[in-house]
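Notes follow once the structure below has been shown.
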Amino acid sequence: MSARVIQLEGVEKAYRFFRLADVHLSLEAGQVMGLVGANGAGKSTMIRLLMGMLTADRGEIRVLGHAMPAEQALAKRHIGFVAEDMGLYGQATLGWHMQLVRGLRDSWDQGYAEHLLRHFNLHTDQPVRGLSHGERVKALLLLALAPRPRLLLLDEPTTGLDPVARHEVLAELMDVVRDERRAILFSSHHTQDVEQISDVITFLDRGRIVESRDKESFLDGWRRVSLDLPPGVGVPALPGAVAVSTSGRAAVVTTREYSRAVEEACAHAGATIRDVQRLTLEEIFVATVTSQREEQQR
Amino acid sequence: MLCMLSMHSSLLIAHADARPMYLQLIEQVQQRIAVGDWPAGHELPSIRALAAETRVSVITIKRAYSELERAGLIVTRQGRGSFVAERAGLSLELRRQELDGQLAAAADLGRRLGLSADALAERMREVARAHEGPEAHREPPRSHEES
């Protein structure tokens, strides 16, 4: 049941101006992984490595038990892949594309494809060229979802969608993991989507994985602690502190390891805790990336 | 349509709510049990079904269920699902817990205002009287007993 659907060990891929370095990552069946990173962080490179579209310079990649890219033909039968720049034939209709994929994939589920057509408000006789950006993304998702693949690799599936379309897409993605044998890896700038549907969250920055943890413990660890400092008392060193800002006798410490030890350290130093707030994933992402970059520059 | 509705748990996650999603779920399940919508032995949706319905990750639903289980509100039977615990007076207990929570907050506020326990209790009686509805107004005016 806890079969690994994705496993990367020490993966590297270098380009002239970019290098994906020492990537270790795994994803289990039944899980959704959200991949968050700034533009150029390496999200698409990683997804293309998983699809066997690129060959790693170093390291091992296994997808659904198959070594990539050597055994990609076997793995791809069970993968649904969507990327924004994917080619569709402009003059052909969505229906034509559905027939094409249906012919290639034994597992195509026509009833499900028709459900997706209705839910995504798409029509088989629409020529692809006339589709809006949102409709195009939904058409690509339909073609990837309808064969009910064991693994979905989705590069920015909700980017540029209007709120209604985004909800339709998230609903269909969560419907996929009703089946605990299936898994999804998706990249997104939209941290709220990632926070909502991911079991595991991975932050990628400048070609490195800076964090990869289960969502609940991840969000639980981060807190913003507001302190009142009596005269003569400095900001105490708190466990897991990544950022400190002070203004007069008030201080705000952001920590990634909130626990009783933080409260004890404050009490010990003589500082009073005025407020403790949770952070959104977006705030956590910015704080993580900023502190990592500062550390690298030191 | 009615049949469709009854299959759904109608639990909701509010993104404008700053509390974590698992806590929102716990509170809503407690609420269902407290008001008697979900009686003892009532079967809860499976973790994956509720995740799909609420569009919230499986790990979040799992966490909510395991905390509800630890609190003794639900029981999970391997391979059969999760059910509201068969405990006598569970719904009453939950409503009492909610009341105690509100009273504790009021007591806290009272203390900060410098009210004694007796003064707070007296204030509580006054507030309760003011909220009793039309019949309350038939009682003799309060100023009488206060003087």
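The values are calculated or read from the model by the stated rules, or taken from the named source; none is laboratory data. These numbers were taken from a predicted model, which means no experiment stands behind them. Every residue, glycine among them, receives a Cβ derived from its backbone with ideal geometry; neighbour counts consider all protein chains shown.
Among the residues of region A:1-49, write down those that are among the hydroxyl-bearing types (Ser, Thr, Tyr) and assigned to a loop (DSSP other than H, G, I, E, B). Selection gives A:SER2, A:TYR15. Among the residues of region A:175-195, those identified as at the interface with another protein chain (Cβ under 7 Å from one of its Cβ atoms) and either crowded, with 22+ Cβ neighbours inside 10 Å or in a loop (DSSP other than H, G, I, E, B) (or both) are A:VAL177, A:ARG178, A:GLU180.
Residues that are closer than 17 Å to A:PRO157 by Cβ and in contact (Cβ under 8 Å) with a residue 40 or more places away in the chain do occur in region A:50-70.
Quick grid of which residues meet (1) outside the structural domain of A:VAL32 (by TED's automatic domain parsing); (2) under 30 Å from A:ALA38 (Cα atoms); (3) at pLDDT below 90:
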{"site": "A:SER188", "(1), (2), (3)": "no, yes, no"}
{"site": "A:GLY207", "(1), (2), (3)": "no, yes, no"}
{"site": "A:PRO230", "(1), (2), (3)": "yes, no, yes"}
{"site": "A:PRO236", "(1), (2), (3)": "yes, no, yes"}
{"site": "A:GLY240", "(1), (2), (3)": "yes, yes, no"}
{"site": "A:THR254", "(1), (2), (3)": "yes, yes, no"}
{"site": "A:ALA265", "(1), (2), (3)": "yes, no, no"}
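Entry remark, region A:174-204: residues being hydrophobic (A, V, I, L, M, F, W, C) and over 13 Å from the mean Cα position of the chain (by Cα) number 3 in total. Of the set (1) free of Cβ contacts under 8 Å to residues at least 60 places away in the same chain; (2) surrounded by fewer than 21 Cβ atoms within 10 Å (Cβ to Cβ), all apply to A:VAL169 but (2).
Any residue in region A:275-295 that is of a type outside the set (Gly, Ala, Ser), without any contact (Cβ under 8 Å) to a residue 24 or more places away in the chain and over 20 Å from A:GLU216 (Cα atoms)? Within region A:275-295 (the criterion being of a type outside the set (Gly, Ala, Ser), without any contact (Cβ under 8 Å) to a residue 24 or more places away in the chain and over 20 Å from A:GLU216 (Cα atoms)), the answer is yes, since at least one residue qualifies. Can you name the residue in region A:1-53 that is of a type in the set (Lys, Arg) and surrounded by 14 or more Cβ atoms within 10 Å (Cβ to Cβ) and, of all such residues, is nearest to A:GLU283 (Cα to Cα)? Among residues in region A:1-53 that are of a type in the set (Lys, Arg) and surrounded by 14 or more Cβ atoms within 10 Å (Cβ to Cβ), the one nearest to A:GLU283 (Cα to Cα) is A:LYS43.
Determine, yes or no, whether A:ALA261 is of a type in the set (A, V, I, L, M, F, W, C) and part of a helix (DSSP H, G or I). It is true that A:ALA261 is of a type in the set (A, V, I, L, M, F, W, C) and part of a helix (DSSP H, G or I). Residues that are in a loop (DSSP other than H, G, I, E, B), among the hydrophobic types (A, V, I, L, M, F, W, C) and buried (at least 20 other Cβ atoms within 10 Å of the Cβ) occur at least once in region A:58-66.
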